[in-house]
Each structure stands twice: as structure tokens, then as C-alpha cells.
Amino acid sequence: MMTKEKLDLKSDIATRVVLGKAITDLGLKNEKICTVAADSESRFGDFVKKAPNRAVNVGIAEQNAVSISAGLAFCGKIVFVSTYATFISMRACEQIRTDVAFQNLNVKVVGTNSGFSPGWEGFTHQALEDIGIMRAIPNMTIIVPADGEETYNLVHQLADYEGAVYLRVRGKKDDPHIKNKGKTIIGKAEELKSGEDITIIACGRMVYEAVKAADILSEKNISTKVLNMHTIKPIDKEAIVTAAEETMGIITMEEHNTIGGLGTAVAEILCEKGIGIPFKKIGVNDRFGIPGKTHDIFRHFGLTSENAVKTAEEILG
Amino acid sequence: MTNTSLTLNEINELKETALKMRKTAIKMATKAGEAHLGPALDLTEIIVTLYSKIMNYRASDPKWPKRDRLILSKGHGCLALYTILAEKGFYEKELLDTFCTQLDTLFGGHPEVKVPGIEANTGSLGHGFNIGIGMAKAAQIDNFDYKVYTILGDGENQEGSIWEGAMAAPNLNIDNLIAIVDRNHLQVSGRTEKIMNIDPLKNKWESFGWAVQEIDGHDFSQIYNALNSAPFKPGKPSLIIANTIKAKGLSFAENKVEWHHKVPNEEEYRIADKELGLGGLNDD
């Protein structure tokens with residue numbers, strides 16, 4: 001249950017479960033925090049019960065949820081508005097752009113159940129386009145935590161992070177913990193492993209696959225640098241350029257369409273800097289999702305450490 | 001607020017302000033060569049009453065947290081707002097000369113918060129009203145007693161998001177929100193009845209949980225009495241259906257669909273000058 005007082009952040013705890021705990025802990029300390037739900041109050045854990053005056057639920061009406069969030073933020077509130085990533089990023093896209101982002105209001109749009117985490121719910125609920133959509137909107141900061149621990153830390157940082165944010169979290173399961181992580185700083189890629197042969201830049205759930213791939217490659221005497229690119233926008237250009245200088249190829253991994261997301265963002269930097277380097281994007285190659293167990297869907301689309309290993313070996317010949 | 005009505009003197013003063021605003025708006029539109037003039041002229045009496053008799057605000061401190069707020073959800077009527085805010089001292093009147101004539105002007109074709117006194121960036125219909133609900137909710141959270149006024153176009157009632165908000169506000173027990181529908185029966189390509197009928201409007205809003213009054217949107221006494229008595233029912237948001245005439249005050253343009261975004265040509269300006277005493281385009 002997400003309402004338990006203590007969560008073990010060092011365990012394989014789901015990002016959406018941590019989200020509720022983090023918002024509750026933060027919101028009870030900070031009077032400015034408000035939440036807006038579109039029949040999605042479970043995202044906010046106990047906060048809704050403990051601070052009902054600062055929790056709004058508009059029912060199944062995402063556009064209204066985001067506009068009301070903007071109104072609250074205009075009056076000095078720090079607003080977390082959250083529901084399924086598909087619905088909030090697309091049904092309420094114009095509200096995010098026009099009502100929130102233009103004024104760079106303190107609204108933290110949290111898209112949950114992103115990527116393939118909805119599993120059997122199928123393509124209607126699987127968000128594979130949200131990062132691309134949000135990237136095209138000026139002022140939006142886009143953050144994709146790798147695991148529960150990082151989600152908890154990032155939510156707390158967002159209270160002091162001025163402006164419009166899109167935070168992408170997953171569902172209530174399937175989020176393995178990343179071991180030996182350091183402190184997450186918004187806008188700064190985290191180097192999880194240093195390496196000289198190849199770089200894997202990943203975000204969200206794919207960070208775990210990247211680390212696993214690096215371990216497998218290491219047994220084959222291939223040294224892999226792994227970057228956790230939790231902030232997709234503004235992206236850490238320096239980290240990308242350094243990776244291109246230090247290794248012989250770059251692979252990106254994301255639970256998202258290969259158009260518009262992390263891979264595209266990295267490619268833009270490489271191209272604009274005139275860096276010619278072998279480069280491969282692992283993600284969903286311009287397809288809609290399919291119903292299934294998340295694990296099986298990952299295998300179907302090649303969102304696995306095995307595919308990353310194979311891709312690295314192909315690049316390195 | 002007390003329940004007294006406006007005196008004759010007060011009404012005459014309001015009429016004077018309204019005429020001044022109409023003249024300024026017509027000149028601005030003519031100079032710029034493009035504007036939504038008709039949708040602004042029909043708001044004049046409502047906006048003059050709000051800023052002269054109803055709303056609490058500080059022109060020298062536009063962000064005063066306890067101020068009443070007006071959101072023009074039908075943002076294209078912004079000429080009415082630009083002119084009254086100048087009139088009430090939010091900024092120098094001379095600045096209005098930049099309306100749609102200077103790159104990155106404060107005063108574009110739709111209102112932006114960078115203009116002192118403008119509360120939301122509106123223009124895309126079905127947004128401002130809902131932002132207003134958020135602001136009204138914030139007053140509840142902060143225990144402030146300010147009110148939020150929001151003006152909707154009648155065509156704007158065709159947007160789905162309006163009804164999301166219409167459903168939410170009563171459920172959130174918001175009674176410091178007063179929405180005004182500018183019921184001029186015209187939208188960009190024809191009469192609302194023909195494009196997508198929104199009637200019965202009063203019944204619709206009442207059935208969503210609003211307390212509704214219908215008034216003549218050009219009659220200062222009716223406007224004042226309605227606004228002054230809001231909330232009409234404790235615990236409920238209030239809706240005023242203000243029956244108006246599009247492009248009111250510009251005789252040849254009144255109630256004509258093309259004046260949604262038409263501006264006077266030379267001949268029309270001469271007629272308007274004769275009727276309203278505009279003077280030269282650049283006269284004060």
C-alpha cells in the first residue's frame with residue numbers, strides 16, 4: 001500500500017507509489033503545495049486526506065484540471081497535477097502550452113503510467129509520445145526519474161524549482177532499484193558507470209537495462225559508460241559531448257517513440273556540434289503499443305539489456 | 001456591498017467613460033488596420049461597471065494579492081480591457097498607440113499577462129474561465145474574500161472545457177466566481193443558433209448548479225444590480241447572461257457578423273466620427 005508511513009526507497013519500489021509518498025511528505029511541510037486530480041487522487045498518496053483543503057479533484061476532465069492548476073499557480077501555489085501520461089500530455093496539451101508553459105507557472109504536470117507500464121491496458125493507456133510533445137513546448141522542463149528513490153528526491157527538488165515541469169513516472173510495479181546512485185541534480189546527467197568503448201544514454205526504466213547491459217558487456221571486455229539522462233530538457237549538452245569524445249559510439253535507450261524523445265534530443269546535440277560518431281537509438285520505432293505483460297512488450301520492441309549489448313557489439317564491430 | 005442602485009449622476013459618469021472607451025477602441029482598431037472591434041464594443045458597459053463600481057483593485061499595485069480579478073475568457077475582446085485599464089491608470093494611455101503596430105507590443109490581438117492588470121493569457125477559447133475557477137479556489141485556500149469575474153463569449157459555450165468547468169465550480173463549492181456570458185448571438189461565421197445552438201443557455205447553467213440572472217448587457221443599472229448582488233445564492237457560483245449587441249455603438253456595424261474582426265475604412269471612420277465625435281485618428 002502506498003499509504004504506509006515508511007517506504008524503503010532502496011528497494012524495487014514503483015515510481016508511482018513513491019510519487020504519492022513524496023508529495024504527501026513535501027505537501028505537509030510546504031503550505032504552498034496543492035494537488036489537482038482528474039479522478040486520479042491515488043497519485044497523491046495521503047496528501048488528499050491530510051490536507052483536503054489543498055487537494056482539488058475535478059473528475060475525469062484533464063483540460064479543466066490543467067487550467068485550474070494554472071489559476072492556482074497564478075495565485076502563488078505550487079501545483080502538482082497528475083493523471084495518466086497519455087491523457088494529460090495529449091488531452092490537455094494546449095492547456096499545458098497556453099495556460100501553464102507560456103507564463104512558466106509553477107505547475108508540475110506529472111504524467112503517470114507512462115511508457116509500457118499500463119501493460120495489458122494497451123495502446124490507449126501507453127504513453128510513447130509524451131516526451132516528444134512536451135519537448136516542443138517552450139519553458140517546459142522534462143524529467144524522467146530512473147527509479148523510486150530518484151522519484152522521491154526529484155519531487156522534493158521540484159518544490160524549489162521555479163516554473164513549468166513535466167515529470168514522467170511509471171505505474172505501480174516493474175521499477176527496479178538502481179544501485180549505487182548518487183545525488184540527482186536537475187539538468188545534470190548522472191554518470192552511473194564510466195567507460196571507454198561505448199556510451200549508453202538512458203532515461204527512466206531503461207536506465208536499469210543500460211546498467212545491466214554494461215555489466216554484461218564488461219564480462220566481454222567492453223567498457224561501457226552509462227549516463228542517466230533524467231532531465232530530457234534542458235538536456236546536459238556537455239555530458240553528451242564528453243561521452244562522444246571519450247567513447248567510440250553512443251546508444252540511447254528510452255521507453256518512448258524513437259521520434260521526438262531522448263534519442264532525438266541527443267542526436268540534435270551531436271549534429272549541431274558536428275560530431276560524427278556511430279549512433280543508435282533504442283526505443284519504439286514509430287509504432288503504437290500492444291497489450292501484454294510489460295516484460296514481454298519490452299522484449300517485443302527490443303527495450304532490453306540484451307538488445308543494448310547486441311547493438312553495442314554491432315557498433316564496435 | 002450595499003444594495004443601493006446607481007444614481008442618475010453615476011449612470012451619466014459611466015456613460016461618459018463608456019463613450020470615451022468606445023472612441024479610443026475604434027481609433028486603435030482603425031490605426032492598427034486589424035482588430036476584433038465588434039466583440040470589444042459590446043463589452044463596454046459591463047467592463048466599465050466592473051472597473052468603476054464593483055471591483056477592488058489597486059492600479060499602482062496590480063499584483064495586490066487580495067484584489068478582485070477579471071479574466072476575459074473571450075480574449076479577442078481585449079480592446080475593451082486595454083482601454084479601461086488605461087483609463088483607470090494601470091499604464092499611460094500613450095502606450096495604446098503600439099496596439100498591433102509595434103513588434104512585440106504589450107498590446108497584441110489577444111491579452112497577455114505582461115500588460116499590468118491583465119490576469120491571464122487568453123485568446124484560445126475555453127481556457128480563461130477554467131483558470132478563473134483555479135483563482136477562485138485559491139481565494140478559498142488562502143481565506144481571502146476576493147471575487148473572480150470572468151467574461152465568456154456565447155460562442156465560447158460550444159467549447160467542451162467550459163462544461164467541464166461549469167460542472168466543477170458548484171461541486172467545489174465556489175461562490176466567489178461570477179461568470180458573465182456576452183450573449184450577442186454572433187460568432188465568427190454566423191449566428192450561434194445556426195452554427196451550433198447553445199440554448200436553452202439559462203437552463204443549461206442552472207442544471208449544472210449555477211445561480212443565473214439574465215440582464216440587458218448595455219443597461220448600467222441592470223449590470224450593476226446583478227454584479228452587486230453576487231453571489232446570487234450562497235455556496236453557488238453565479239452566472240449572468242448579458243444580452244448584448246455586437247459592435248454596439250458603431251451604428252453601421254451593430255449586429256453584423258462581419259464586424260467580428262472588421263475595422264472601419266475611411267468612409268466608415270467618417271461616419272463614426274460624425275456620430276461619436278472621434279476627431280482625427282491621432283487626436284487625443
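Annotation: amide H of A:ILE142 within the under-5 Å range of A:TYR166, A:ILE232, A:LYS233, sequence separation 5 or more or interchain, hydrogens built in the peptide plane. Carbon-plus-sulfur fraction of the accessible area of chain B, 1.4 Å probe, in percent? C and S fraction of accessible area: 48 percent. Protection proxy ranking of A:277-289, A:116-128, B:175-187, by the mean of other Cβ atoms within 10 Å over each peptide's residues and highest first, is B:175-187, A:116-128, A:277-289. Candidate cross-link partners of A:LYS183 among the aspartates and glutamates, defined by an alpha-carbon separation under 14 Å and a same-chain spacing of 8 or more, comprise A:ASP147, A:GLU149, A:GLU150, A:GLU191. In region A:59-91, the residues that give up 20 Å² or more of accessible area when the other protein chains are added, compared with the chain on its own (1.4 Å probe), are A:ALA61, A:GLN63, A:ASN64, A:SER67, A:ILE68, A:GLY71, A:LEU72, A:PHE74, A:CYS75, A:LYS77. With the highest mean first, a sort of the peptides B:224-231, A:229-236 on other beta-carbon atoms found within 10 angstrom per residue produces A:229-236, B:224-231.
In whole Å, what is the distance between the alpha-carbon centres of region B:238-271 and region A:279-317? One Cα centre to the other: 60 Å. Measure up A:LYS273/A:LYS310; B:LYS147/B:LYS202; A:LYS10/A:LYS181; A:LYS225/A:LYS310 against 18 Å on the Cα-Cα distance and list the ones that go over. Beyond 18 Å: A:LYS273/A:LYS310; B:LYS147/B:LYS202.
Contact residues in region B:90-134 (at least 20 Å² less accessible area with all protein chains than alone, 1.4 Å probe): B:GLU112, B:VAL113, B:ASN121, B:SER124, B:HIS127, B:ASN130, B:ILE131, B:GLY134. The alpha carbon gyration tensor of chain B gives principal lengths a ≥ b ≥ c with a/c of 1.5 or higher and a/b greater than b/c, which makes the shape prolate.
Is there a simple number for the mean count of other chain Cβ atoms within 10 Å of the Cβ of residues in B:154-163, and what is it?
Working: counts 0, 0, 0, 0, 0, 1, 3, 9, 2, 2.
Partner Cβ neighbours, averaged per residue: 2.
Excluding same-chain neighbours fewer than eight residues apart, the lysines reachable from A:LYS50 by a Cα-Cα span under 24 Å are A:LYS4, A:LYS6, A:LYS21, A:LYS29, A:LYS32, A:LYS77, A:LYS108, A:LYS172, B:LYS137.
Taking amide H as placed 1.01 Å from N in the peptide plane, B:LEU186 has its amide H under 5 Å from the amide H of B:THR192, each at least 5 places away in sequence or on another chain. Counting, for every residue in B:260-268, the Cβ atoms of other protein chains within 10 Å of its Cβ and taking the mean gives 0. Prolate is the label for chain A, because the ratio a/c of its alpha-carbon gyration tensor axes (a ≥ b ≥ c) is 1.5 or higher and a/b is greater than b/c.
In sequence order, region B:99-110 has phi-based couplings of 3, 6, 10, 10, 3, 6, 4, 4, 10, x, x, 9 Hz under the Karplus curve 6.51 cos²θ - 1.76 cosθ + 1.60, θ = phi - 60°, and Gly or Pro positions carry x.
In a shell of Cβ-Cβ distance under 15 Å around A:TYR84, excluding A:TYR84 itself, what net charge do Lys and Arg (+1) and Asp and Glu (-1) give?
Numbers: positive: A:ARG16, A:ARG43, A:ARG91, A:ARG168, A:ARG170, A:LYS172; negative: A:ASP39, A:GLU41, A:GLU62, A:GLU121, A:GLU129, A:ASP130, A:GLU255.
Result for the local shell: -1.
Summing both sides, the accessible surface hidden between A and B at a 1.4 Å probe radius is close to 1900 Å². Think of a 1.4 Å ball rolled over the protein heavy atoms: region A:15-168 then has 28 Å² of accessible area per residue. For chain B, a crude dipole built from +1 on the beta carbon of Lys and Arg and -1 on the beta carbon of Asp and Glu, taken about the Cα centre, is about 460 debye to the nearest 20.
Sum up the charges of everything whose Cβ sits under 12 Å from the Cβ of B:ILE215, counting Lys and Arg as +1 and Asp and Glu as -1, but leave B:ILE215 out. Spell out each step's value before the answer.
Numbers: positive: B:ARG183, B:LYS202; negative: B:GLU45, B:ASP182, B:GLU214, B:ASP216, B:ASP219.
Surrounding charge for B:ILE215 is -3.
The simple Förster model, with R0 at 35 Å and r as the Cβ-Cβ distance, assigns B:ASP145 and B:THR101 a FRET efficiency of 0.30.
Loop-resident trypsin sites (Lys or Arg not before Pro) (DSSP state other than H, G, I, E or B) in region A:161-218 with no more than 11 further Cβ atoms inside 10 Å of their Cβ: A:LYS179, A:LYS183. Counts of other chain beta carbons within 10 angstrom of each beta carbon in peptide A:92-102 average 3. Rounded if a/c is under 1.5, else prolate if a/b beats b/c, else oblate: with a ≥ b ≥ c from the C-alpha gyration tensor eigenvalues square-rooted, which is region A:253-317? Oblate. Both radii were evaluated on the Cα set of the protein assembly as shown; the Rg over Rh quotient, with Rh as the Kirkwood radius, amounts to 1.06. The apolar share of the surface of region A:190-316, taken as the fraction of accessible area on carbon and sulfur atoms (1.4 Å probe, ligands and nucleic acids excluded), comes to 47 percent.
Please report the orientation-averaged projected area of region A:39-89, defined via the convex hull of its C-alpha atoms, in nm².
That works out to 3.5 nm², a quarter of the Cα hull's surface.
Measuring between their Cα centroids, region B:145-203 and region B:7-71 lie 21 Å from each other. In order along region B:49-62, phi translates into HN-Hα couplings of 5, 4, 7, 9, 10, 10, 7, 8, 7, 10, 4, 7, 9, x Hz, rounded to whole numbers, per the Karplus curve 6.51 cos²θ - 1.76 cosθ + 1.60 with θ = phi - 60° and x for Gly and Pro. What you get for chain A, charging only the Cβ of Lys and Arg (+1) and of Asp and Glu (-1), is a dipole of about 780 debye around the Cα centre.
For chain B, return all DSSP H helices satisfying: extent of Cα atoms along own axis at least 18 Å; mean Kyte-Doolittle hydropathy at least 0.5. Walk me through the intermediate numbers first.
On the way: long enough: B:8-32 (36 Å, -0.49); B:128-142 (21 Å, 0.53).
Long hydrophobic helices here: B:128-142.
The values are calculated or read from the model by the stated rules, or taken from the named source; none is laboratory data. Note that the structure is a prediction, hence the values are computed from the model and not measured. Heads up, the Cβs are rebuilt from the backbone with ideal geometry, glycines too, and the neighbour counts pull from every protein chain shown. SASA here: full protein model, heavy atoms, side chains in, ligands and nucleic acids out. Shrake-Rupley method; radii C 1.70, N 1.55, O 1.52, S 1.80 Å.
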